[in-house]
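What follows is a set of notes on a single structure, which appears directly below.
Computed from the coordinates by the stated procedures, all read-outs in this text should not be read as laboratory data. Not measured: the values here are computed from a predicted model. Heads up, the Cβs are rebuilt from the backbone with ideal geometry, glycines too, and the neighbour counts pull from every protein chain shown.
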Amino acid sequence: MAPNIKEDIPLPKEEDKPSAVEKKPWNYQIVYINVLIFAYWHIGGLYGLYLCLDAKWPTILFNVFYYILGGWGVTAGTHRLWSHRAYKAKLPLEILLMLFQSSTAQTSVIHWCRDHRCHHKFCDTDADPHDSTKGMFFSHMGWLMVRRHPDVIKKGKTIDMSDLTSNPVLHFQLKYYVYLSVFFTFLLPALVPYYFWAESFTIAYHISLLRLVIFSHVTFCINSAAHKYGYKPYDKNITPTQIPALSFAALGEGYHNYHHVFPYDYKTAELGNNFMNLATNLIDFMAWIGWAYDLKSVSEDMVVKKMMKTGDGTDLWGRLPENDDYIWGWGDQDMSEEDKKALLHF
Ligand SMILES: [Zn+2]
Ligand SMILES: [Zn+2]
């Protein structure tokens, strides 16, 4: 283990634990402007797919590269750094990640993080912005096309966002979000191919829309598919699942059962499983050059104990001990009092 990684998982406070809320019927109010925007993106993206036949290779490669940059902004930045404080970053890395995130049209970092903290804290209740119990389409993208449930607004105000609202980099992004988003999401990725290798502007623009649509759906799948299909090796009593294949497209975010159980792990995935986890590779590299530090992780021992206590028995990475007595005895006899206490909080 690298010296800059701490196996340090802060225990959730009692009041931070998700609470079951009785759900009442809710009448959706559709936000038509958002429906139109999504419709435009999808039509433009499909046209971009068709234009790929006429595109120059550098345009395709540039969009793959730009997809990864946006992915780093969302996964390494908005998700792991700012939502979960899974590691700390120096100013140049914060600025880079903020700019990368601005290329994804996923709202400002501060708004994204408030929704995401709500999702973890009130998972699958009415206060969860993309509550997976409201159906696949709702949790995928439907929630972005209707007005918020009153509980999301009410309980969202109880989320402590002071660490982010006092961050000057994020404050700057919030203030100029519209300009940053239009420039980095739509203009820059269309202008680069146009100026540097004389791609047609129409082709460059529409392939860029295609990139945006694919990226958006991959992100949406974490909230929909990864709350419905797949294994639950760490906690079978919650909806989040493991979909390794999704991780390839989501730069390492497909291990969602693990992530909901250990949200402070900077890898959002199991120890040693960094294949396809490009965001972890970026953070490791940044730690190596000194721009990222205080990386938080979970000990293998803790992971195995959690698997034995509440997992569904799936052992994707061959971690469970072969000794049946140990498995069926839940290994409690070998657990420290501190570990036992920690498990009660998850
Ligand atoms: Zn989730
Ligand atoms: Zn998360």
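Taking the beta-carbon count within 10 Å as an exposure proxy, list 66, 229 from fewest neighbours to most.
229, 66
Under 5 Å between amide hydrogens, which residues at least 5 positions from residue 295 or on another chain qualify, with H placed 1.01 Å from N in the peptide plane?
6, 88
Counting only residues 5 or more places away or on other chains, whose amide H sits under 5 Å from the amide H of residue 146 once H atoms are built in the peptide plane?
So residue 146 has HN proximity to 31.
If I stretch the segment between residue 315 and residue 285 completely, what's the gain in nm (0.36 nm per residue apart, minus their alpha carbon distance), one decimal? Kindly include the intermediate steps, with their values, before the conclusion.
Values: separation 30, 0.36 × 30 = 10.80 nm, distance 2.88 nm.
Between residue 315 and residue 285, full extension yields an extra 7.9 nm.
Please compute the net charge surrounding residue 286, taking Lys and Arg as +1 and Asp and Glu as -1 over other residues with Cβ under 15 Å from its Cβ.
On the way: positive: 80, 88, 90, 267, 296; negative: 94, 284, 294.
Here the charged neighbours net out to +2.
My understanding is that a pair violates if its Cα-Cα distance is over 30 Å; which of 90/267; 155/228; 24/88; 155/267; 134/236; 90/309 do that in this structure?
Exceeds cut-off: 24/88; 90/309.
Using 0.36 nm per residue of separation minus the Cα-Cα distance, give me the extension gain between residue 148 and residue 35 in nm, one decimal. Mind showing how you got there, number by number?
On the way: separation 113, 0.36 × 113 = 40.68 nm, distance 1.46 nm.
Difference between extended and current length: 39.2 nm.
Using a Förster distance of 35 angstrom, determine the FRET efficiency expected from the C-beta separation of residue 198 and residue 49, and round it to 0.05.
Working: r = 22 Å, r/R0 = 0.62.
Efficiency for this residue pair is about 0.95.
Can you give me the P(r) profile for region 234-321? Cα pairs, bins 5 angstrom wide beginning at 0, each as a whole percent.
Bins of 5 Å from zero give 3, 15, 24, 26, 18, 9, 4, 1 percent of pairs.
Which of the peptides 253-265, 23-35, 161-173 is most tightly packed, and how do the rest follow, going by the mean number of other Cβ atoms within 10 Å of each residue?
Top of the packing list down: 253-265, 161-173, 23-35.
Apply the Karplus curve 6.51 cos²θ - 1.76 cosθ + 1.60, θ = phi - 60°, to the phi angles in region 178-183 and return the couplings in whole Hz, x for Gly and Pro.
So the J values, rounded to whole Hz, are 4, 5, 4, 5, 4, 5.
Rule-of-thumb check for region 114-231: C-alpha Rg over 2.2 N^0.38 Å?
Numbers: Rg = 17.8 Å, N = 118, 2.2 N^0.38 = 13.5 Å.
Taking N as the residue count of region 114-231, the ratio is 1.32.
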